[in-house]
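The structure appears right after this line, and notes come after that.
The values are calculated or read from the model by the stated rules, or taken from the named source; none is laboratory data. This one's a predicted model, so the numbers in the text were calculated from it and none came from an experiment. Every residue, glycine among them, receives a Cβ derived from its backbone with ideal geometry; neighbour counts consider all protein chains shown. Heavy atoms of the whole protein, side chains included, go into the accessibility calculation; ligands, DNA and RNA do not. Shrake-Rupley method; radii C 1.70, N 1.55, O 1.52, S 1.80 Å.
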Amino acid sequence: MSFASVAKHYPGGVTAVAGVTLTIAPGSLVALVGGSGSGKSTLLKTINRLIEPSAGTVLVNGADVAEEKPHLLRRRIGYIFQNTGLFPHMTVAENIAIGRRLMGLKDHGARVAELLDLVELPRDFAARLPDALSGGQRQRVGVARALATEPGLLLMDEPFGALDPVTRDSLGTSLRALHDRLGLTTIMVTHDMAEALLLADRVLVMSAGQVVTDLPPAALLAGEGSAEAAALVAVPREQARRLAALDKRP
């Protein structure tokens with residue numbers, strides 16, 4: 001997929017995205033990082049038309065997303081966000097299968113069972129309501145729902161932000177494994193630079209609506225990239241240094 005001069009302007013002169021042009025290689029996992037207000041979530045949401053760009057073109061599989069009805073577009077793009085958005089009155093199985101029902105697909109029960117296996121949840125969770133699950137379990141259901149229609153493109157907007165550190169790390173590792181296993185193209189927005197470095201093939205650093213650095217994790221750790229990228233990398237590096245110092249105390 002690709003962005004060609006994509007911009008988003010709001011009334012009052014606010015620019016959220018300032019003419020981004022880039023291509024995402026099929027099968028890659030790309031992280032979008034940057035401070036609050038840098039434009040990363042806005043850029044992500046132009047892909048599935050949750051936000052309409054003011055200018056420019058977004059292409060998915062070579063087709064302009066503006067030429068497809070939003071509800072049809074979203075059915076073929078997986079989307080995972082922080083608060084999962086599960087319907088509380090529906091069972092886990094019903095939540096997972098809703099996209100398939102809307103598309104007129106069959107064999108919901110078999111597909112739900114496969115997806116629960118895929119996200120490492122017991123099959124008997126299918127009959128539970130979301131309120132009976134932990135935060136991490138609900139997020140896994142959200143992943144299963146996003147994958148139910150077998151999308152080739154997966155968008156994630158701060159998917160682990162509300163989770164405790166142990167669950168966050170476990171789910172991130174699981175999602176990277178799913179990405180590789182299913183051959184997905186994945187774009188993930190995160191505030192956590194360590195998460196981006198550990199999970200992504202490529203890290204895009206945004207500032208003031210522009211991509212100021214576009215590098216693989218190893219290059220970022222080697223000190224390449226913009227000042228904004230260096231400042232973000234410095235945070236987990238300094239935390240690791242301080243932890244190492246604590247470990248050496250008598």
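Here the range 178-193 is the region considered, the condition is being under 14 Å from the mean Cα position of the chain (by Cα) and within 20 Å of residue 120 (Cα to Cα), and the residue that is surrounded by the fewest Cβ atoms within 10 Å (Cβ to Cβ) is 178.
Between 105, 72, 116, 59, the distinction of being modelled with pLDDT of 95 or more, closer than 21 Å to residue 150 by Cβ and either open to solvent by 30 Å² or more (accessible area, probe 1.4 Å) or in a helix (DSSP H, G or I) (or both) belongs to 59 only.
Selection of the range 59-83 for residues being touching a residue at least 40 places away in the same chain (Cβ under 8 Å) and over 17 Å from the mean Cα position of the chain (by Cα) yields 59, 61. The number of residues in the range 1-14 that are open to solvent by 40 Å² or more (accessible area, probe 1.4 Å) and either at pLDDT 95 or above or part of a loop (DSSP other than H, G, I, E, B) (or both) comes to 6.
Of everything listed in (1) in contact (Cβ under 8 Å) with a residue 40 or more places away in the chain; (2) closer than 19 Å to residue 157 by Cα; (3) exposed (fewer than 13 other Cβ atoms within 10 Å of the Cβ), the single unmet condition for residue 86 is (3).
When the range 85-102 is filtered for residues that are out of contact with any Lys or Arg (no Cβ under 8 Å at 6 or more places or on another chain) and either hydroxyl-bearing (Ser, Thr, Tyr) or part of a helix (DSSP H, G or I) (or both), the ones remaining, listed by number, are 93, 94, 101. Residues that are without any contact (Cβ under 8 Å) to a residue 12 or more places away in the chain and within 14 Å of residue 35 (Cα to Cα) were ranked within the range 194-233; the one that is surrounded by the most Cβ atoms within 10 Å (Cβ to Cβ) is 230. If you go through the range 50-65 and pick out every residue that is farther than 13 Å from residue 20 by Cα and either of a type in the set (Gly, Ala, Ser) or touching an Asp or Glu at 6+ places or on another chain (Cβ under 8 Å) (or both), you end up with 2.
For residue 149, the criteria (1) of a type in the set (Val, Ile, Thr); (2) buried (at least 19 other Cβ atoms within 10 Å of the Cβ); (3) touching a helix residue (DSSP H, G or I) at 6+ places or on another chain (Cβ under 6 Å); (4) outside any loop (DSSP other than H, G, I, E, B) hold in every case but one, which is (4). Considering the range 119-136, and only residues there that are in a loop (DSSP other than H, G, I, E, B) and under 25 Å from the mean Cα position of the chain (by Cα), the residue that is surrounded by the most Cβ atoms within 10 Å (Cβ to Cβ) turns out to be 119.
Scanning the range 152-167 for residues that are over 11 Å from the mean Cα position of the chain (by Cα) and either open to solvent by less than 20 Å² (accessible area, probe 1.4 Å) or without any contact (Cβ under 8 Å) to a residue 12 or more places away in the chain (or both) yields 165, 166.
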